[in-house]
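Okay, so here's the structure we're looking at.
The values are calculated or read from the model by the stated rules, or taken from the named source; none is laboratory data. Because the structure is predicted, anything quoted here is derived from the model rather than measured. As a convention, Cβ positions derive from the backbone with ideal geometry for all residues, glycine included, and neighbour counts pool all protein chains shown. The accessibility values were calculated without ligands, DNA or RNA, using every heavy atom of the protein model including side chains. Shrake-Rupley method; radii C 1.70, N 1.55, O 1.52, S 1.80 Å.
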Amino acid sequence: LTDLPDDPALLGLRAEALCETGRLDEAIVEARRCVSLLRGGEALSLAHLLFVLIHHGAFRVALELADGLPPALPVEERARQRQRIRALYRLGRPEDAAALVGEALEAAALEDLPLATELLLETLAADDWATTAAQADHVLARAPRTPLALYLRGEAREKCGVDGARDDLEACLELLVDEPAAFEPDLHRALARHWLAHGRPDRTFTHARRA
């Protein structure tokens, strides 16, 4: 960094490296320098840096930095939002996390809903099944053929013991015949668990094999 001491991309990479080598305090200093040098609209991905900070327990710092970042391209902004939500859950602020998810989904244009729905992966990972089901329901009211929303609502309903879980999961599977998705193994695992709980080892095995 001697030639380019104020390059945000290099500072971000250095902060990540410092985190991974256990030098968290130094990493936080570099991360703050990196964010302070960013300009609005700059297409620099810092979502992974936020992820690394959260992974190493710096939840408050990650949230502080995420809130201080200038506006970015939509894909990058959504990735940052996921890290904000993750940090809020880790800090024990589920209501704030759920509110952020709701605001983001409400503000998303119809064409952006599939990407925005990925925020619900964080609510599911945090075991906030009620928020996952409710927000997926809002997505499906606007865009009924959103596979990820069907999967997430089905998974959340299954966890909550609410009727309709299998219908959601199987409807999602039908949509994925023509549009394979990265979450498909998770979908098959959810269906395998469902059929196992309902005493159908044949179907359990079919989905477990495809997971």
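Conditions (1) of a type outside the set (Asp, Glu); (2) at pLDDT below 95; (3) part of a helix (DSSP H, G or I), marked per residue:
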position: Pro71; (1), (2), (3): yes, yes, no
position: Val75; (1), (2), (3): yes, yes, yes
position: Ala79; (1), (2), (3): yes, yes, yes
position: Ala99; (1), (2), (3): yes, no, yes
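I'm checking my understanding of the structure. Among residues of region 139-161 that are part of a helix (DSSP H, G or I) and free of Cβ contacts under 8 Å to residues at least 24 places away in the same chain, which one is farthest from Leu191 (Cα to Cα)?
From region 139-161, those part of a helix (DSSP H, G or I) are 139-142, 147-160; that's our starting set.
Still in the list and also free of Cβ contacts under 8 Å to residues at least 24 places away in the same chain: 140-141, 153.
Values: Leu140: 20, Ala141: 23, Arg153: 13 Å.
Only one residue tops the list, namely Ala141.
Quick one: count up the residues across region 176-193 that are assigned to a helix (DSSP H, G or I) and farther than 14 Å from Leu152 by Cα.
Within region 176-193, the first condition is being assigned to a helix (DSSP H, G or I), and the residues that meet it are 184-193.
Imposing the further condition that a residue be farther than 14 Å from Leu152 by Cα reduces the set to 192-193.
Selection size over region 176-193: 2.
Can you tell me which of Ala141, Ala126, Ala109 is under 21 Å from Glu77 (Cβ atoms), open to solvent by 20 Å² or more (accessible area, probe 1.4 Å) and either at pLDDT 95 or above or touching a Phe, Trp or Tyr at 6+ places or on another chain (Cβ under 9 Å) (or both)? Full working, then the answer.
Working: Ala141 fails: under 21 Å from Glu77 (Cβ atoms); Ala109 fails: either at pLDDT 95 or above or touching a Phe, Trp or Tyr at 6+ places or on another chain (Cβ under 9 Å) (or both).
The unique qualifying residue is Ala126.
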